[in-house]
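Following: one structure in structure tokens, then a few remarks.
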Amino acid sequence: MAESDTADPSRRDFLYIATGAVGAVGVTAVAWPFIAQMNPDAAALALATTEVDVSSIAPGMSITVKWRGKPVFIRNRTPAEIEAAKAVPLSDLRDRTARNANLPDDATADDANRGVAGNEALIIMIGVCTHLGCVPLGQQGDYGGWFCPCHGSHYDTAGRIRQGPAPENLQIPPVAFVSDSVVRIG
Amino acid sequence: MIKPLYKYEPKNGFTRWLDARLPVLTLIHGSFVVFPTPRNLNYWYSFGAILTVMLASQIVTGIVLAMHYIPHTSLAFASVEDIMRNVNFGWLLRYLHANGASFFFIAVYIHMFRGLYYGSYKEPREVLWILGVLLYVLMVATAFFGYVLPWGQMSFWAATVITNLFGAIPLIGESITTWLLGGFSVDSPTLNRFYSLHYLLPFMIAGVVVLHIWALHVPGNGNPVGIQVRVPQDTVPFHPYYTVKDGLAIVVFLFVLAVVVFYQPNALSHPDNYIPADPLKTPAHIVPEWYLLPFYAILRAVPSKLGGVLALGAAIFVLFLVPWLDTSRVRSATYRPIYRQFFWIFVITCVGLTWLGSQPPEGGYVIAGRILTIYYFLHFLVVLPVVGLVEKPKPLPASINDPVLPPGESVRQAAE
């Protein structure tokens, strides 16, 4: 064996390194589809939009619609709820960004940036608690907004996190009025 | 380590032929027939055998249930009801599987507390302990995937909450959650992959069990006295002494399981899981299965998403470190007067966390949960290292025979 170790070391070294390198690239290349197959497929990615007639929602009424498999809350807030939300100074908020897909990422969480543009009474939010994904219950909790029964997160009347383990305000999806009464989500 | 009293000798032509080519009979004989086992093991040491039987039972009932179950969101709940009402003995198989999971966890918790009491994790059995914690983690994952399959309300919301735990990871959390779900919410792709993994993991558990037993058989069993086996008289062959003792324990354990399966089959589960999954409505009060409640209480004790998830992970991870956190050189709590008291305080803490995990997250429950969570970690990070250093252990007996045999008997036997 001693002779073969010294006979042509560069040739064996080359094969060793080349095989190892090709093997490593090969394993990575093969792993990719096995990992990627778990991501959402084309059907799930096809961006669904939902159109909702909001004209029949009286003040103080809420409806829940389904968008991308998730519940979306649409609430026509009462004047008292709007006043309560407006009265909160920004410094009292746990999460000071609007989390509104229709606004820039750094928009502040003022009540005006949470409601639907052009109709401050209307608020449209994804009804998924930003803690661990439960559906909060409406008009409950210490701030009269939404309360998540799973782990006790309290949201105010503008869907902003005020107390509990959730880190962010309820997300606002892309929304636009397609007519005076119909709003498109997505 | 003590050598077996005699070596395996194949008795006939076939076994001689086989053993010369693959010494599997020698291996089985050495591991489960003549294996030298301390003569003083009590019934707390039977739970390893009970766990092996429960794993086999879960795999067998699971394989036949898989012949009837359909992993699709529109059919999963109905197929489980079909198993309960139409499949021959389907009710029995499903109740055995569902309650079997609970009893699997009862056995594993007794097994783990036994290890903590008798210091089973100490040198030279650290790897044995680590493999055990790994088995526990695999059991938790398997049980979680299985709980999602009936597609009831608790199934759906358990899947939602647990997958959202990964969303707490900074920056990449959202992408990981989406990747795990195969969509933007828990849906058919999620159910299908959980079913695939629920079928896979038990066989991985079986593989790690083989390593666990291997790691047990290198140093040999610990024992309630906690001192090493020294002479052959300290041991008895595994068969018939412990096949009979473990056999009796298994029969009694299965008897209790049968009582629950036949008389209280839903006592350990939650009625909300008989409501079909509804993605738009979270049940007013969601809880995991009882065996995960302590960790759920720890998750909720921390008033921050990332913090809660980290505490939950740390509560399990700290178990891996136990062999190095305990500084005492004495294994058995029988000879550790201070540690023994802290052990029972820790047991009460775990029972308390289990109860708190089942209560709503408000008021005094949250405060109590925080106190017990802090104590849970104090036990591992402060009590284990400090007590080992300051405690004066009781004198250990000279031989593991001393506590069980009349005075002088072990000396007489050793002299023979």
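In table form, for the structure just shown:
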item: Residues being open to solvent by less than 30 Å² (accessible area, probe 1.4 Å), over 19 Å from B:Asn223 (Cβ atoms) and either in contact (Cβ under 8 Å) with a residue 40 or more places away in the chain or not assigned by TED's automatic domain parsing to the domain that holds B:Ser102 (or both) - total across the stretch B:34-68; result: 5
item: Test: residue in the stretch B:255-278 that is within 9 Å of chain A (Cβ to nearest Cβ), surrounded by 15 or more Cβ atoms within 10 Å (Cβ to Cβ) and of a type in the set (A, V, I, L, M, F, W, C); result: no
item: Index of the failed condition, B:Gly308 passing every other in (1) open to solvent by 10 Å² or more (accessible area, probe 1.4 Å); (2) at pLDDT below 95; (3) within 14 Å of another protein chain (Cβ to nearest Cβ); result: (1)
item: Residue identified as surrounded by 19 or more Cβ atoms within 10 Å (Cβ to Cβ), within 14 Å of chain A (Cβ to nearest Cβ) and of a type in the set (D, E, K, R) among B:Arg300, B:Arg336; result: B:Arg300
item: Residue check for B:Asp272: in contact with a Pro (Cβ under 8 Å, 6 or more places away or on another chain), in a helix (DSSP H, G or I) and assigned by TED's automatic domain parsing to the domain that holds B:Tyr95; result: yes
item: Some residue of the stretch B:281-288 being more than 24 Å from B:Ser102 (Cβ to Cβ), modelled with pLDDT under 95, within 12 Å of another protein chain (Cβ to nearest Cβ) and open to solvent by 20 Å² or more (accessible area, probe 1.4 Å); result: yes
item: Lone qualifier among B:Leu191, B:Leu216 - being in contact with a Pro (Cβ under 8 Å, 6 or more places away or on another chain) and either at the interface with chain A (Cβ under 8 Å from one of its Cβ atoms) or in contact (Cβ under 8 Å) with a residue 40 or more places away in the chain (or both); result: B:Leu191
item: Scan of the stretch B:351-376 for residues that are more than 23 Å from B:Pro283 (Cβ to Cβ) and in contact (Cβ under 8 Å) with a residue 60 or more places away in the chain, ordered by number; result: B:Arg370, B:Leu372, B:Thr373, B:Tyr376
item: Pairs where the first residue, in the stretch B:327-340, is touching a residue at least 40 places away in the same chain (Cβ under 8 Å) and within 14 Å of B:Gly115 (Cβ to Cβ) and the second is open to solvent by 30 Å² or more (accessible area, probe 1.4 Å) and not hydrophobic (A, V, I, L, M, F, W, C), C-beta under 6 Å, 6+ apart; result: B:Ala333/B:Tyr117; B:Ala333/B:Arg340
item: Verdict on B:His97 being buried (at least 17 other Cβ atoms within 10 Å of the Cβ), closer than 20 Å to B:Phe238 by Cα and not aromatic (Phe, Trp, Tyr); result: no
item: Flag for B:Glu362 being within 14 Å of chain A (Cβ to nearest Cβ), acidic (Asp, Glu) and either open to solvent by 40 Å² or more (accessible area, probe 1.4 Å) or touching a His at 6+ places or on another chain (Cβ under 9 Å) (or both); result: yes
item: Residues of the stretch B:30-55 that turn out to be more than 19 Å from B:Ala143 (Cα to Cα), of a type in the set (Ser, Thr, Tyr) and out of contact with any strand residue (DSSP E or B) (no Cβ under 8 Å at 6 or more places or on another chain), as a count; result: 4
item: Residue within the stretch B:219-239 that is away from chain A (no Cβ under 14 Å), part of a helix (DSSP H, G or I) and loosely packed, with under 15 Cβ neighbours inside 10 Å present; result: yes
item: Top-ranked residue of the stretch A:24-44 - restricted to ones that are closer than 13 Å to B:Leu181 by Cα and in a helix (DSSP H, G or I), ranked as most open to solvent (accessible area, probe 1.4 Å); result: A:Ile35
item: Residue satisfying all of: in the stretch B:153-179; open to solvent by 40 Å² or more (accessible area, probe 1.4 Å) and hydrophobic (A, V, I, L, M, F, W, C); nearest to the other protein chains (Cβ to nearest Cβ) among these; result: B:Trp179
item: Residue ranges of strands (runs of 3 or more DSSP E) in the stretch A:67-165 with at least 1 members within 13 Å of chain B (Cβ to nearest Cβ), in contact with a strand residue (DSSP E or B) (Cβ under 9 Å, 6 or more places away or on another chain) and under 30 Å from A:Ser179 (Cα atoms); result: A:70-76, A:122-126, A:144-148
item: Scope the stretch A:132-186; condition of a type in the set (Gly, Ala, Ser) and farther than 25 Å from B:Ser358 by Cα; matching residues; result: A:Gly144, A:Gly145, A:Ala158, A:Gly159, A:Ala176, A:Ser179, A:Ser181, A:Gly186
item: Options A:Asn102, A:Asn76, A:Asn119; residue that is touching a residue at least 60 places away in the same chain (Cβ under 8 Å), open to solvent by 20 Å² or more (accessible area, probe 1.4 Å) and over 24 Å from A:Pro165 (Cβ atoms); result: A:Asn102
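The values are calculated or read from the model by the stated rules, or taken from the named source; none is laboratory data. Keep in mind it's a predicted model, so treat the numbers as computed, not measured. FYI the Cβ positions are ideal-geometry reconstructions off the backbone, even for glycines, and counts take in every protein chain you see. SASA here: full protein model, heavy atoms, side chains in, ligands and nucleic acids out. Shrake-Rupley method; radii C 1.70, N 1.55, O 1.52, S 1.80 Å.
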